[in-house]
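First the structure, then my questions, so here it is.
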Amino acid sequence: MTVHACETEGYHPCEGVECGDNPDHRYDGVCDKNGCDANPYRQGDHDFYGPGPSFVIDSTKPMKVVTQFITDDGTDDGELVEMRRFYIQGNKTIYPQNPAYAPAGKNYTAISEEMCAVQMGNFSDRYDVFKKKGGLAGMGAAMKRGMSLVFSLWDDHEVGMIWLDAKDPPPEQWKTPTAPPGALRGTCNQTSGNFSFVEKYHADAYVVYSDVRYGEIGSTYGPSAPPPPPACPGGSKDACIALCDPTDPTKYLQCIQSCDQNCPHLLGLGEKPRKYMPL
């Protein structure tokens, strides 16, 4: 899940440097090509999404993906400040939208301007470009002007999609023996996404999108899916419990029980097992 923004408004055919073409002008174009992403694998949770029952989300089975756009005033006219996601698969509703990114003990479970600044700083990405092109609010403004919903299945003729599910930057560019923060994007090798291989051997690949809905938050899940659970104070169970006042034993116990109930789905990196809310 990635947020991009452009300096221009509306339809804008680009020419030359405006297009931000590699290798010399990627950051000079009118749009932010990198964007701010929430990739569970890149952020440290390698067991969240993949083929088979050992993963939280089994990519071999159908799933429902719910994306929410949160504004600063809770209305359609407000400024976009957060982009959330959660998943429904089988009889489980899985929270949060992506595993919590938890640098310095603070959990970020959605894309926000603060999360982008922190994560892109840690990963040596170009937050300055993201912010200059408009950031999260810029994408929200573009959505207000009107966008077309596009579903696609595609490959990458330039770098074989290593930015999605391999190592980017590639190992030959690393300055240390180990991967720099944010370089591990997934389990694919560096050549598996080569367009000539993909188009020759996987020309019959397909994807099914179905039951597409949009509407007010909470109106699109379907009759069997529950709404998101109550917010977790502090962003994690430990942080929530730390906020409980121990001076009143009765209220302290109630507070801890509330943390147990509302926070199991908000996990920091490395916490296992992941909890679920049954349907």
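The values are calculated or read from the model by the stated rules, or taken from the named source; none is laboratory data. Model, not experiment: these values are computed from the prediction. Every residue, glycine as well, gets a Cβ built from its backbone with ideal geometry; the counts of neighbours run over all protein chains shown.
Please name all residue pairs, on different chains or six or more residues apart, with Cβ atoms under 9 Å, provided the first residue is in the stretch 63-87 and is farther than 14 Å from MET1 by Cβ and the second residue is outside any strand (DSSP E or B) and aromatic (Phe, Trp, Tyr).
LYS64/TYR221
Another one. Starting from the stretch 132-153, keep only residues that are within 30 Å of GLY193 (Cα to Cα), then list their pairs with residues that are polar (S, T, N, Q) whose Cβ atoms are within a distance under 7 Å, requiring at least 6 positions of separation or different chains.
Filtered contacts from the stretch 132-153: LEU136/SER112.
Let me ask you something else. Which of (1) assigned to a loop (DSSP other than H, G, I, E, B); (2) assigned by TED's automatic domain parsing to the domain that holds THR93; (3) of a type in the set (S, T, N, Q) is the odd one out, the single condition SER192 does not satisfy?
Only one criterion is unmet by SER192, namely (2).
Pick from the stretch 259-277 the residues that are in a helix (DSSP H, G or I) and modelled with pLDDT under 80: which of them is nearest to the chain's Cα centre (by Cα)?
This residue is ASN262.
Oh, and also: Mind listing whichever residues of the stretch 8-18 are closer than 21 Å to ALA141 by Cα, surrounded by 10 or more Cβ atoms within 10 Å (Cβ to Cβ) and out of contact with any Ser or Thr (no Cβ under 9 Å at 6 or more places or on another chain)?
If the condition is that a residue be closer than 21 Å to ALA141 by Cα, surrounded by 10 or more Cβ atoms within 10 Å (Cβ to Cβ) and out of contact with any Ser or Thr (no Cβ under 9 Å at 6 or more places or on another chain), then THR8, GLU9, HIS12 are the ones that fit.
Sticking with this structure for a sec: For the stretch 170-183, name all the residues that are out of contact with any strand residue (DSSP E or B) (no Cβ under 6 Å at 6 or more places or on another chain) and not hydroxyl-bearing (Ser, Thr, Tyr).
Residues satisfying the conditions are PRO170, PRO171, GLU172, GLN173, TRP174, LYS175, PRO177, ALA179, PRO180, PRO181, GLY182.
Considering only the stretch 41-59, how many residues are over 26 Å from ALA142 (Cβ atoms) and assigned to a loop (DSSP other than H, G, I, E, B)?
Residues flagged as over 26 Å from ALA142 (Cβ atoms) and assigned to a loop (DSSP other than H, G, I, E, B) within the stretch 41-59 amount to 13.
Can you name every residue in the stretch 222-243 that is surrounded by 17 or more Cβ atoms within 10 Å (Cβ to Cβ) and modelled with pLDDT of 80 or more?
Selection gives CYS240, ILE241.
Another one. Against the definition (under 22 Å from MET161 (Cβ atoms), in a loop (DSSP other than H, G, I, E, B), within 21 Å of the chain's Cα centre (by Cα) and of a type outside the set (Phe, Trp, Tyr)), how does ASN34 come out, yes or no?
yes
Condition first: in a loop (DSSP other than H, G, I, E, B) and either touching a Lys or Arg at 6+ places or on another chain (Cβ under 6 Å) or surrounded by 12 or more Cβ atoms within 10 Å (Cβ to Cβ) (or both). Now tell me which residues in the stretch 19-31 satisfy that.
Residues satisfying the conditions are GLY20, ASP21, HIS25, ARG26, TYR27, ASP28, GLY29, VAL30.
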